[in-house]
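Reviewing the structure listed below.
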Amino acid sequence: MPTHVSWNAVKTTSSRSGWKLREKPLNYVDAPLLTWQMQKGNFTGKFTPAFNQALANTHKDIISAARIPIEKNNGPILLVSAKEDEIWPSYSMSNDIMAQLNKVNSPHSYKHIALKGGHYSFSLDTQNQVGKFLKDTLVSTCQ
């Protein structure tokens, strides 16, 4: 499930970048790993409120610096998100990515498949949609 920004290394309790480019840590939004919202998710299975809170509480300059520069991508983009994602807000983050691609009028094919269910609602229908996108956008260029 997509994100429009880089996050800290979420499998640790430290606040450090989860990604590097040419050995340099990328800017990131700090996921609230030790907050009540995140810890509550360990019991409810719903972590999305913690990520939404992090995005809402982070200064726009930090979000801008951590934004993944999707417009620099040199190929088709397929996003699969969940409207009721319980892990993180993949649907709204995918919408942000689509807005950026529309804003720059990306010359490459791009599509957003928004699943009606939760984070793990990927189905055979979704698999078929992914296969069609790959066939329509990549097969002819790879032969």
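Within the range 55-69, the set of residues being in contact with a Ser or Thr (Cβ under 8 Å, 6 or more places away or on another chain) and part of a helix (DSSP H, G or I) comprises just one member, ALA66.
Output yes when any residue across the range 38-61 is touching a strand residue (DSSP E or B) at 6+ places or on another chain (Cβ under 9 Å), within 30 Å of THR141 (Cα to Cα) and surrounded by fewer than 18 Cβ atoms within 10 Å (Cβ to Cβ), and no when none is. Among the residues of the range 38-61, not one is touching a strand residue (DSSP E or B) at 6+ places or on another chain (Cβ under 9 Å), within 30 Å of THR141 (Cα to Cα) and surrounded by fewer than 18 Cβ atoms within 10 Å (Cβ to Cβ), which makes the answer no. Criterion applied to SER109, SER17 was being under 23 Å from GLN129 (Cα atoms) and either in contact with an Asp or Glu (Cβ under 6 Å, 6 or more places away or on another chain) or not hydrophobic (A, V, I, L, M, F, W, C) (or both), and the one residue passing it is SER109. Among the residues here, GLY117 qualifies as out of contact with any Pro (no Cβ under 7 Å at 6 or more places or on another chain), surrounded by fewer than 17 Cβ atoms within 10 Å (Cβ to Cβ), among the small types (Gly, Ala, Ser) and in a loop (DSSP other than H, G, I, E, B).
A count restricted to the range 56-86 and to residues that are at pLDDT 95 or above, more than 15 Å from the chain's Cα centre (by Cα) and of a type in the set (D, E, K, R) stands at 2.
Within the range 11-55, can you find the residues that are without any contact (Cβ under 8 Å) to a residue 12 or more places away in the chain and acidic (Asp, Glu)? GLU23, the sole residue that qualifies. On inspection, SER17 fails the criterion of being in contact with a strand residue (DSSP E or B) (Cβ under 8 Å, 6 or more places away or on another chain) and under 30 Å from CYS142 (Cβ atoms). Screening ILE97, ILE62 for residues that are within 30 Å of LYS135 (Cβ to Cβ) and among the aliphatic types (A, V, I, L, M) leaves exactly one candidate, ILE97. Inspect the range 123-135 for any residue being in contact (Cβ under 8 Å) with a residue 40 or more places away in the chain and surrounded by 16 or more Cβ atoms within 10 Å (Cβ to Cβ) and give the result as yes or no. Yes, the range 123-135 contains at least one residue that is in contact (Cβ under 8 Å) with a residue 40 or more places away in the chain and surrounded by 16 or more Cβ atoms within 10 Å (Cβ to Cβ). Would you call ASN52 of a type in the set (S, T, N, Q) and in a loop (DSSP other than H, G, I, E, B)? Judged against the criteria, ASN52 is not a match.
Quick check, is ALA82 under 30 Å from GLY131 (Cβ atoms), among the small types (Gly, Ala, Ser), surrounded by 16 or more Cβ atoms within 10 Å (Cβ to Cβ) and touching a residue at least 40 places away in the same chain (Cβ under 8 Å)? Answer is yes for this residue.
The values are calculated or read from the model by the stated rules, or taken from the named source; none is laboratory data. Not measured: the values here are computed from a predicted model. No Cβ is skipped: glycine too gets one built from the backbone with ideal geometry, and neighbour counts run over all protein chains shown.
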